[in-house]
Amino acid sequence: MRRRPPPSAHRHAWGEKVEGTRPVIPKICNLCEQQGLVKRASLYWAWVNSDGRRRAWKQQICPDCFRSELAELIVKAEDPVLICPACGIGTVDDFDAVYLTYCLPGMPKGQSEFPLCGPCAVVLRNKALKNAQALEDRGATVGGPQPQDITSKQAWADLGYLPSARGNGG
Ligand SMILES: [Zn+2]
Ligand SMILES: [Zn+2]
């Protein structure tokens with residue numbers, strides 16, 4: 001059993017304390033293009049283009065965009081049944097995979113594979129390309145330590161990215 005955080009707890013999972021002694025350079029979110037002082041999440045996107053080549057891009061986005069655009073997708077993509085995590089239709093027969101490695105400040109790296117339907121893949125890829133930086137095609141998205149699982153609904157809820165998971169039957 002985990003203790004429930006008090007309702008007044010700060011919602012930013014990685015709300016950094018801003019030191020007064022150094023000038024703080026605002027970071028710009030690649031998605032909403034807002035400036036902010038909290039650290040960005042680093043996203044490493046990859047997918048295979050219709051020409052068969054794997055392409056990778058890097059993006060840095062703010063906590064709000066991560067919460068609104070990705071947290072739910074990541075959780076839904078954990079479903080063992082192949083469904084489009086964006087619209088929920090079955091994608092067993094045909095899906096457009098989009099791979100995401102995400103680094104949230106102060107947290108272990110995570111990785112997801114989205115079995116998207118065609119139209120949703122276009123939408124998500126367009127989002128992923130916004131202000132993104134193309135990475136060298138190396139086959140691997142990022143090096144370093146193995147990603148860890150922070151994919152359970154409750155884990156995301158604990159971090160404030162999703163409403164607290166309540167068992168809603170099933
Ligand atoms: Zn943003
Ligand atoms: Zn879809």
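Any chance you could count how many residues in the stretch 35-44 are assigned to a loop (DSSP other than H, G, I, E, B) and either surrounded by 13 or more Cβ atoms within 10 Å (Cβ to Cβ) or modelled with pLDDT of 90 or more (or both)?
3
Is it true that Ile89 is farther than 30 Å from Leu37 by Cβ, touching a Gly at 6+ places or on another chain (Cβ under 6 Å) and within 16 Å of ligand 2 (Cβ to nearest atom)?
Here the answer is no, as Ile89 does not meet what is asked.
Determine if the stretch 85-96 includes at least one residue that is modelled with pLDDT of 90 or more and within 16 Å of ligand 1 (Cβ to nearest atom).
No, every residue in the stretch 85-96 fails to be modelled with pLDDT of 90 or more and within 16 Å of ligand 1 (Cβ to nearest atom).
One line per residue, one yes/no per condition, for (1) farther than 20 Å from Gly110 by Cβ; (2) touching an Asp or Glu at 6+ places or on another chain (Cβ under 7 Å); (3) modelled with pLDDT under 90; (4) of a type in the set (Asp, Glu):
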residue: Pro5; (1), (2), (3), (4): yes, no, yes, no
residue: Ser8; (1), (2), (3), (4): yes, no, yes, no
residue: Gly15; (1), (2), (3), (4): no, no, yes, no
residue: Val18; (1), (2), (3), (4): yes, no, yes, no
residue: Pro23; (1), (2), (3), (4): yes, no, yes, no
residue: Asn30; (1), (2), (3), (4): no, no, no, no
residue: Glu33; (1), (2), (3), (4): yes, no, no, yes
residue: Ala46; (1), (2), (3), (4): no, no, no, no
residue: Asn49; (1), (2), (3), (4): yes, no, yes, no
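Within the stretch 116-154, take every residue that is touching a helix residue (DSSP H, G or I) at 6+ places or on another chain (Cβ under 9 Å) and either at pLDDT 75 or above or surrounded by 15 or more Cβ atoms within 10 Å (Cβ to Cβ) (or both) and give me the one that is nearest to Val92 (Cα to Cα).
Among them, the one singled out is Leu116.
If you go through the stretch 35-76 one residue at a time, how many are free of Cβ contacts under 8 Å to residues at least 40 places away in the same chain and within 16 Å of ligand 2 (Cβ to nearest atom)?
2
Take the stretch 81-111 and flag every residue that is within 16 Å of Pro63 (Cα to Cα) and among the hydroxyl-bearing types (Ser, Thr, Tyr).
Thr101, Tyr102
The values are calculated or read from the model by the stated rules, or taken from the named source; none is laboratory data. Source: prediction; values computed, not measured. Cβ: placed from backbone, ideal geometry, glycine included. Neighbour counts: every protein chain shown.
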